[in-house]
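Reading through the structure tokens given below for one structure.
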Amino acid sequence: MAVLVTGGAGYIGSHTAVVLHEAGRDVVVLDDLSNSSVAAVEALRALTRPDLPFIRADAADVDAVGRAIVDHGVDEVVHFAAFKSVSGSIADPDGYHRNNVGSTVGVVEAMRRNGVSRIVFSSSCTVYGEPTSLPVTEDSPISASNPYGATKVACEELLAAEADAGGLDVLLLRYFNPVGAHSSGDLGEDPRGTPDNLVPYLMQVAVGRRESLSVFGDDYDTPDGSAIRDYIHVVDLAEGHLAALDVLAGSDDEDVRDPSVGSTGCRAVNLGTGAGHSVLEVLAAAGRVIGRPVPHEVVGRRDGDIERIWADPSLAADLLGWRATRGLDEMLADHWRWQQRHPDGYGTG
Ligand code: UFG
């Protein structure tokens, strides 16, 4: 039996594939490489096994996903394959819906045709929009504030409806802000073009690829005026997927079934640390880890940014037996190791 990881050549997907492999799962990666590369697959194989099955296909291609399921005896799925740029989604809302919702429809259809019921879905704290109270729990109001977020909400709703209809056992994992890299320094985040996100941009400045980080706003209502997020190590996040799969697999067994997840269940779970850090705190921590200050300048706020968000991660502890164990300095040190060893990413971006 095997686990299919769609989007397994991407940032979170590849780290999850390593963790699942190390836990003894047979991992099958499916990725169309639209936002990743053959070099990422090779890096993944070097850390797992040289013949790790990789299928180059779009997750919206029901036949290709179905063939992967049949050929490899897949009995559980982690579905990452999606576009993830907020600004990209504002420029191309229909493309984002076609890709993100379309791939989820394709995966669900292929699972149903082939009798696979367990799926862990890659969702995001973006579904909460600007929170009305903190920390955010899974019951906090849902409000997508951009088309990318709207695609995550739509996929969550689709999967919940499929579970209600009796076909799927679903865990929706709502990630906060992933940072870091595999401790080897040979698997990491490799954004194409100019990075949108704070830490990839900051690291490219530190390694000399860019001149200066723009800090988007120091006039928020926060202690130092910069915006606050819940940064989480990508390997902690990957381990959350393993815990989620174990809970879904256990739910086939009446004796260990959690009454809230199981045949035809769907639950959303926050994966965060529970701690918020401001942009200026991240910048200061990065300067310490790197050993010198990172050039930066404060500019105006970025459109669409929220002021602050961090998770209540207690449901993940209760339901999955999982909690984040790696702190901000470790995330930044691991990210920096990756950036130093691979200043140009995988070299194909
Ligand atoms: N920031 C900067 N300078 C930069 C980049 C970011 O100051 O060059 C700031 C942002 O303004 C924000 C913080 O750093 O305050 C974090 O920004 P990121 O872009 O790293 O992350 P976001 O919180 O904006 O984005 C995350 C996920 C998205 C998700 C979004 C929901 O990366 O996938 O949350 O708001 F959609």
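Using per-residue counts of other Cβ atoms within 10 Å, averaged over each peptide, order 325-334, 103-112, 137-146 from highest down.
Values: 325-334: 19.2, 103-112: 22.9, 137-146: 15.8.
Listed from highest to lowest mean packing, they are 103-112, 325-334, 137-146.
Normalised by the residues of region 116-212, what does the relative contact order come to in percent, with Cα pairs under 8 Å and at least six apart? Can you show the working numbers first?
Details: 90 pairs, mean separation 27.5, N = 97.
28 percent.
Let me check against my output: what whole-number percent is the relative contact order of the chain, with C-alpha pairs under 8 Å and at least 6 apart?
Values: 742 pairs, mean separation 70.3, N = 349.
That works out to 20 percent.
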Taking the Cα centre of region 1-132 as the origin, how large is its charge dipole in debye, to the nearest 20, when only Lys and Arg (+1) and Asp and Glu (-1) carry charge on their Cβ atoms?
160 debye
Rounded to the nearest 10 degrees, the helix 62-72 long axis (Cα) sits at an angle to the longest Cα principal axis of the chain of 70 degrees
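How big is the charge dipole of region 159-225 about its Cα centre, in debye rounded to the nearest 20, if each Lys and Arg gets +1 on its Cβ and each Asp and Glu gets -1 on its Cβ? Present the calculation step by step, with values, prior to reporting the outcome.
Numbers: 4 positive and 12 negative charges, 62 e Å.
Around 300 debye, computed over region 159-225.
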Using Cβ counts within 10 Å as a stand-in for footprinting exposure, how do PHE54, PHE216 rank, fewest first?
PHE216, PHE54
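With only Lys, Arg, Asp and Glu charged, each at its Cβ (+1 for the first two, -1 for the last two), find how big the charge dipole of the chain is about the Cα centre; round to the nearest 20 debye. Please report the intermediate quantities before stating the final value.
Details: 27 positive and 52 negative charges, 172 e Å.
Approximately 820 debye in magnitude.
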In degrees, nearest 10, range 0 to 90: what is the angle between the Cα axis of helix 328-341 and the longest Cα principal axis of the chain?
90 degrees
Which angle between 0 and 90 degrees, to the nearest 10, do you get for helix 147-164 versus the longest principal axis of the chain when only C-alpha atoms count?
30 degrees
If each part is reduced to its alpha-carbon centroid, region 1-67 and region 183-216 end up apart, in Å, by 24 Å
So if I take the centroid of the Cα atoms in region 77-153 and the same for region 271-349, what is the distance between those two points in Å?
22 Å
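Between rounded, prolate and oblate, where does the chain land on the alpha carbon gyration tensor, with a ≥ b ≥ c its root eigenvalues, rounded for a/c under 1.5, else prolate if a/b exceeds b/c? Please report the intermediate quantities before stating the final value.
Working: a/c = 1.67, a/b = 1.37, b/c = 1.22.
Prolate is the answer for the chain, as a/c is 1.5 or above and a/b outweighs b/c.
Throughout, read-outs are computed from the coordinates displayed, never taken from laboratory work. Remember, it's a predicted structure, so these values are computed and weren't measured experimentally. Virtual Cβ from ideal backbone geometry, glycine too; neighbours counted across all protein chains shown.
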